[in-house]
Amino acid sequence: MSEENKTVVRQYFDRWGTQESLAPDFVAHMPGAPEPMNREAFIQFQGVILSAFPDFAPTLEDQIAEGDKVTNRLVFHGTHKGDFQGIPPTGKRVTITAITIERVAGGKIVEHWIDFDALGMMQQLGAVPAPGQDGA
């Protein structure tokens, strides 16, 4: 079952921004979100990301599965071409690392946890000074 679950998750990341792999009762746990997101809220969130970074896409670097859970190490790349959290488009290309865990049941992703380098992304966009910069 673990190999089948890895395939479900791999296909999801190959088509990131689509919803075919998400179960109707899907729940996402995101850093900074006040509560878990249901399927519709998560799809909306992906839309916000894709409107700001239209070429945003993950590269799956590592994948480990046990039972109904699949853990992934990803690198997302995208170009900042739209407003994002009050930051006007910069045209900058960003690289964001992430670790995710997906729980799979019935061939669909039912639960998703993600931890990503939000600080690094904001530094790349120039919204937060990088280490060694004075911020002035």
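Looking at region 25-37, can you tell me whether even one residue there is in contact with a helix residue (DSSP H, G or I) (Cβ under 9 Å, 6 or more places away or on another chain), without any contact (Cβ under 8 Å) to a residue 12 or more places away in the chain, closer than 16 Å to residue 10 by Cα and assigned to a strand (DSSP E or B)? No, every residue in region 25-37 fails to be in contact with a helix residue (DSSP H, G or I) (Cβ under 9 Å, 6 or more places away or on another chain), without any contact (Cβ under 8 Å) to a residue 12 or more places away in the chain, closer than 16 Å to residue 10 by Cα and assigned to a strand (DSSP E or B). Looking only at residues in region 1-52 that are among the β-branched types (Val, Ile, Thr) and touching a strand residue (DSSP E or B) at 6+ places or on another chain (Cβ under 6 Å), the one that is nearest to residue 107 (Cα to Cα) is 8.
Annotation note: of 107, 91, 86, the sole residue that is at positive phi and without any contact (Cβ under 8 Å) to a residue 12 or more places away in the chain is 86. Counting just the residues of region 1-22 that are surrounded by fewer than 16 Cβ atoms within 10 Å (Cβ to Cβ) and among the hydroxyl-bearing types (Ser, Thr, Tyr), which one comes out farthest from residue 47 (Cα to Cα)? If we take residues in region 1-22 being surrounded by fewer than 16 Cβ atoms within 10 Å (Cβ to Cβ) and among the hydroxyl-bearing types (Ser, Thr, Tyr), then 2 is farthest from residue 47 (Cα to Cα).
All told, residue 74 meets the bar of being under 18 Å from residue 22 (Cβ atoms), of a type in the set (A, V, I, L, M, F, W, C) and touching a residue at least 60 places away in the same chain (Cβ under 8 Å). I'm trying to understand the selection: among the residues of region 38-70, which are of a type in the set (S, T, N, Q), within 17 Å of residue 102 (Cβ to Cβ) and out of contact with any helix residue (DSSP H, G or I) (no Cβ under 9 Å at 6 or more places or on another chain)? 38, 46 - these are the residues of region 38-70 that are of a type in the set (S, T, N, Q), within 17 Å of residue 102 (Cβ to Cβ) and out of contact with any helix residue (DSSP H, G or I) (no Cβ under 9 Å at 6 or more places or on another chain). Residue 89 meets the conditions (1) at pLDDT below 95; (2) out of contact with any strand residue (DSSP E or B) (no Cβ under 8 Å at 6 or more places or on another chain) in every case but one. The failed one is (1).
Restricting region 104-126 to residues that are among the charged types (D, E, K, R), under 15 Å from the mean Cα position of the chain (by Cα) and part of a strand (DSSP E or B), the residue that is surrounded by the most Cβ atoms within 10 Å (Cβ to Cβ) is 111.
Answer yes or no: is there a residue in region 41-63 that is among the charged types (D, E, K, R), surrounded by 14 or more Cβ atoms within 10 Å (Cβ to Cβ) and out of contact with any His (no Cβ under 6 Å at 6 or more places or on another chain). Checked region 41-63: no residue is among the charged types (D, E, K, R), surrounded by 14 or more Cβ atoms within 10 Å (Cβ to Cβ) and out of contact with any His (no Cβ under 6 Å at 6 or more places or on another chain).
The values are calculated or read from the model by the stated rules, or taken from the named source; none is laboratory data. Predicted, not measured: the structure shown is a model, and the values here were computed from it. As a convention, Cβ positions derive from the backbone with ideal geometry for all residues, glycine included, and neighbour counts pool all protein chains shown.
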